[in-house]
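Have a look at the structure below, then the notes.
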Amino acid sequence: MRYLLWIFFLLIAADCLADDYVLDEGLPVVWIETVNGEIPTATKVTHPDVEGAHGNSITNATKVPGSIKITFKGETLYDSGDYADSKSGMTMKLRGNNSVFYSSKKKPFKVKLEKKNDLLCRGDNDKYADKNWVLLPMTDKGLNNIVGLKVNELIGMQYTPAYKMVNVVINDEFYGLYTLIEQVRRNADCRLNVDKNTGYIIECDPYWWNEDLYFKTNTLGKFFTFKYPESEDITDEQLEFITGYMEAFEQSVVDGTYEDYIDIESWTKWMLGHDILGTNDAAGSNIFVTKYDDAPESKLMMGNLWDFDTIEKTEDRWANIHGYGWFYFKDLFSDKQQTFARKYVEMYESLEPWLFDEIDKWLKSYRKSEEGQAVKRSLKEDYRKWQYTEVVFDDHIADHREWFKQRREWMNDKVDDLVTGIKYMGIEVGDDETYYNMQGMRLKGSPTARGIYIKGGKKIFVR
């Protein structure tokens, strides 16, 4: 019995020492204390049996008040103070849909401050302060979140959510490794920028059935929910306007005149990002669309990539959203004029010479960085606590590097398939001596400028 007691106390001591080791060096620590030690809860709910409804989500999510403090190597970087309505502290609740049920205890959380502040402590609170933040748990998905965000940044989407890797302690219990990240919201200074009074951020949302407000289009039957304005703030006039605009856009997709409605560059970048990442999810890939204001010249832009749980899964095919009918890309690629496909090829040709090299360079650098090494240490403790499928940091980095190496070769072949063949972008390919530019226009004679051309159904590089 004495021997067993000694083992018990040694295990407790080892557990405390491991936690202290992770908390004392390497990563910021987020300390959360809730009123009465309460932990947010929610109830699982399954989609109704109606067309266009997908997945599982949550209902009856409790909002728990408390305080949040952030430290780094013993220094306090931020302290919200105790909870006081509209004055100090914060509230937290569970966030997400299926992701809430990945782990029995380690959950994703939404944190809402009572007073705006920058939890990433970037030194410019006037610019970065916001009430809304997210804690995404590290699971067996490993570094998927930050890899996906890096691709989002490199392809040049209008916004890349800023983040820090952190360790989280809730009510004195070590919860492990999380990503503290900006929530996708309107913020003209540092998040998605739409006009405060007349702008929109909407989401093509498979969980529309669990929201207070949504609208469905008639022409192509898509469901949208609101990120901005929030559902409780939307007027009847605003709802009527954006519904009508999306209806007009959908008709333009059918008619092939969609360039009047969309910022085609941001749409091709968004699709390329998911194709490069090989995202398996389609309906649940968080499809944010923005419209700066209600003026006719303000076109629909794709917001940012988000939700990277299923990246690097479509090894021998396009990302599922590429050809799946949940959103509009299948229709856009099917346009007889091939306007979108031409732009997609042009965008890939401009990115390919450097993008994959930059991703690989970043992965190698991150592995050796101070944060990377701290993540490596934290991952070991995280796995020890939660017992999910172990993520070996160095192997995980190597797997990502190999994915992008192989994906580059696959993408090059598949983009060539879009260019070559019997038809090039909807334009009949002529004899071997006929040249076409990247817009599918036949040239008179040989090219006179450097660039990429089509000759006999093949790409020709004129240098």
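The values are calculated or read from the model by the stated rules, or taken from the named source; none is laboratory data. Nothing here was measured: the structure is a model prediction, and the numbers come from that model. Methodologically, a virtual Cβ is constructed for each residue, glycine included, from the backbone with ideal geometry; neighbour enumeration extends over all protein chains shown. We work out accessible area using only protein heavy atoms, side chains counted, and drop any ligands, DNA or RNA first. Shrake-Rupley method; radii C 1.70, N 1.55, O 1.52, S 1.80 Å.
For the stretch 197-326, the mean projected area of the C-alpha convex hull, equal to one quarter of the hull surface, is 7.9 nm².
Here the Kirkwood formula puts the hydrodynamic radius of the chain at 24.4 Å, using every distinct Cα pair.
The modelled label-to-label distance between Lys115 and Glu352, using points 7 Å beyond Cα along the C-beta direction, is 5.4 nm.
Among the chymotrypsin sites (Phe, Trp or Tyr not before Pro) found in the stretch 373-402, not one is both in a DSSP coil and sparsely packed, with 13 or fewer other Cβ atoms within 10 Å of its Cβ. Computed about the Cα centre, the dipole magnitude for the stretch 87-158 is approximately 400 debye when only Lys and Arg (+1) and Asp and Glu (-1) carry charge, each at its Cβ. The fraction of accessible area contributed by carbon and sulfur in the chain is 46 percent, rounded to a whole number (1.4 Å probe; ligands and nucleic acids excluded). Between Thr310 and Asn280, Asp281, the built amide H atoms are under 5 Å apart, and every one of these is 5 or more places off in sequence or on another chain.
Taking 0.36 nm per residue of separation and subtracting the current Cα-Cα distance, fully stretching the chain between Leu213 and Ser86 would add 43.1 nm.
When each full DSSP H helix of the chain is screened for a Cα extent of at least 18 Å along its own axis and an average Kyte-Doolittle hydropathy of at least -1.0, the helices passing are 2-24, 236-255, 264-277, 339-368. Computed with the Debye formula from one identical point scatterer per Cα of the stretch 379-418, without solvent, the log10 of I(q)/I(0) at q = 0.35 Å⁻¹ comes to -1.01. For the chain, the 222 nm mean residue ellipticity estimated from helices alone, with every DSSP H stretch of n ≥ 4 adding -39500 (n - 2.57) and the total spread over all residues, rounds to -11000 deg cm²/dmol. Cα centroids of the stretch 280-299 and the stretch 53-70: 25 Å apart. Taking label positions 7 Å along the Cα-Cβ direction at both Glu240 and Ser446, the computed distance is 6.3 nm, reported to one decimal.
Within the shell of other residues whose beta carbon sits under 15 angstrom from the beta carbon of Lys368, the net charge comes to +2, with Lys and Arg scored +1 and Asp and Glu -1.
When the pairs Lys115/Lys164; Lys69/Lys196; Lys112/Lys227; Lys73/Lys116 are compared against a 27 Å limit on Cα-Cα distance, Lys69/Lys196 fall above it. Highest mean packing first, where packing is the average number of other Cβ atoms within 10 Å per residue, the peptides 280-289, 295-304 line up as 280-289, 295-304. With bins 5 Å wide beginning at 0, the percent of Cα pairs of the stretch 70-124 falling in each bin runs 4, 16, 19, 18, 19, 15, 7, 1. Using a probe of 1.4 Å on the protein chains alone, the accessible area found for Phe174 is around 10 Å².
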